[in-house]
Every structure is written in structure tokens, then in C-alpha cells.
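The values are calculated or read from the model by the stated rules, or taken from the named source; none is laboratory data. For clarity, every value in this text was computed on a predicted model and none was experimentally measured. In this analysis, Cβ positions are derived from the backbone assuming ideal geometry, glycine residues included, and neighbour counts consider all displayed protein chains.
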Amino acid sequence: MLHKTQERWLCERLAAAELGRGYAQMMLGRYLAAGAPGKRNPREAELWLERAVARGVTEAQSDLSQLVTARGEFALEASGPIGQDN
């Protein structure tokens, strides 16, 4: 459960992100990637970080790259060893 201050912060960032503010999009993406609202949401985080990058927020690119890399590593782990049917 979020503290009222965290909830307010999240609502403010979400509103700003939905208005197309790149920095807010990046911060929301980071927040979701870290699981700060209680549960990690890497897919949603990736969407917001992509939007931030599209808005020219270059800082968001490294966060996005880390998420994409982590997703790829997870997919490889989930598929099991190469050459072994699961």
C-alpha cells in the first residue's frame, strides 16, 4: 500500500506523463521498473520510457536499454538450456 505522499506523487507524475511531459514519463517509467508502487511492472515501465525517449529525454535511454536487456535475459532463462525441449 502506498503512503499518501507516494500516491500523490504517482498521480502527479501520471497526469504529467499523460500530457506528454518527457521527464515525467521517464520518472514514471523508473518508478514502475523499480516496483515502487508495490509491484514491478516492466512492460508498463518500458512503454513510458519509450515515450520519454521519443520526447528527447536522453537520460531515459539507458533505463530503457537496461529493461530490454533484462527482458531478453529473462526470456533466455525461461526457455531453458539450448537444444533441450521444454
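Checking each residue in segment 34-56 for being farther than 14 Å from A17 by Cβ and loosely packed, with under 14 Cβ neighbours inside 10 Å picks out A34, G35, G38, K39, R40, R43, G56. Of all residues in segment 34-51, those being touching a Leu at 6+ places or on another chain (Cβ under 6 Å) and part of a helix (DSSP H, G or I) number 6. A Cβ distance below 9 Å, combined with a sequence gap of six or more or placement on separate chains, defines the contacts here; from segment 52-73, residues that are at positive phi reach residues that are assigned to a helix (DSSP H, G or I) in the pairs G56/G22. Could you tell me whether any residue of segment 17-33 is among the hydroxyl-bearing types (S, T, Y), under 12 Å from the mean Cα position of the chain (by Cα) and within 18 Å of L67 (Cα to Cα)? Yes: one or more hits.
Would you please name the residue that is farthest from R71 (Cα to Cα), looking only at residues in segment 34-60 that are more than 8 Å from the chain's Cα centre (by Cα) and among the basic types (K, R)?
My answer is R55.
Among the candidates A60, A16, the residue that is assigned to a helix (DSSP H, G or I), touching a Gly at 6+ places or on another chain (Cβ under 8 Å), of a type outside the set (F, W, Y) and at pLDDT 95 or above is uniquely A60.
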